[in-house]
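Asker: Got a structure here, written out as structure tokens. Questions coming.
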Amino acid sequence: MGQLRDKDIREEALRQAQAEIAQEVKQEIVDIFRELLERLWARLASLVGETATMAIFRSALWETTGPYAFLKGTKVSENGLRLDCLQENLAALDRATIRAGLLAFIDSIVALITDLTGDILVRKVQPLVEQFNQQLEEG
């Protein structure tokens with residue numbers, strides 16, 4: 001009886017440790033995403049202004065929240081993005097879904113910039129996007 005209880009305790013401890021690690025990985029992905037978006041926001045705002053940048057980010061967010069509802073926790077204002085509420089939406093999601101949604105959001109931003117300006121602005125923000133993709137692959 002005591003051995004069975006010890007086994008249950010070990011299994012529960014293992015499950016808790018795995019859940020904590022999974023949450024840390026999700027947090028790391030969000031942190032990388034936040035850093036990229038802040039840099040992308042600053043770069044775009046310096047080129048086209050804050051109002052146009054806000055419109056681009058809101059449009060991209062609107063396009064991606066349909067298939068990736070967890071992004072509804074992202075707020076766009078004149079001051080940039082707020083991802084605080086995003087954390088609450090991630091608990092039940094796996095890493096692949098989170099990654100796919102964040103990449104879809106970034107891709108939507110790049111597509112909108114391309115539609116509006118052609119390659120001119122995309123060339124200026126593409127290194128940031130590539131860096132984000134590389135960090136996600138490594139993480």
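Coordinate-derived values only; no laboratory data. None of the values given here were measured: they were computed from a predicted structure. A quick note on method: Cβ atoms are made from the backbone with ideal geometry, for glycine too, and the neighbour counts reach across all protein chains shown.
Asker: Using the Karplus curve 6.51 cos²θ - 1.76 cosθ + 1.60 with θ = phi - 60°, work out ³J(HN,Hα) for each residue of region 68-82 in order, rounded to whole Hz, and write x for Gly and Pro.
Answerer: 10, 4, 4, 6, 4, x, 8, 10, 10, 9, 4, 8, x, 9, 10
Asker: Can you pull the three principal axis extents for the Cα set of the chain, in Å, largest first?
Answerer: The Cα atoms of the chain stretch 70, 25, 24 Å along their principal axes.
Asker: Can you give the helix-only mean residue ellipticity at 222 nm for the chain, where every DSSP H stretch with n ≥ 4 adds -39500 (n - 2.57) and the sum goes over all residues, rounded to the nearest 500 deg cm²/dmol? Numbers along the way, then the final one.
Answerer: Numbers: 4 runs with 106 residues, N = 139.
Mean residue ellipticity at 222 nm (helix-derived): -27000 deg cm²/dmol.
Asker: What list of ³J(HN,Hα) values in whole Hz, one per residue of region 105-122 in order, does the Karplus curve 6.51 cos²θ - 1.76 cosθ + 1.60 (θ = phi - 60°) give from phi, with Gly and Pro shown as x?
Answerer: Karplus values, whole Hz, x for Gly and Pro: 5, 4, 4, 5, 4, 4, 5, 5, 4, 4, 4, 7, 10, x, 7, 4, 7, 4.
Asker: Can you work out ³J(HN,Hα) from phi for every residue in region 31-48, in order, using Karplus 6.51 cos²θ - 1.76 cosθ + 1.60 and θ = phi - 60°, giving whole Hz and x for Gly and Pro?
Answerer: Values per residue, Gly and Pro as x: 5, 4, 4, 4, 4, 4, 5, 5, 5, 5, 4, 4, 5, 5, 4, 6, 8, 10 Hz.
Asker: Applying 1/(1 + (r/R0)^6) with R0 = 22 Å to the Cβ-Cβ distance of residue 78 and residue 31, what FRET efficiency is obtained, to the nearest 0.05?
Answerer: 0.45
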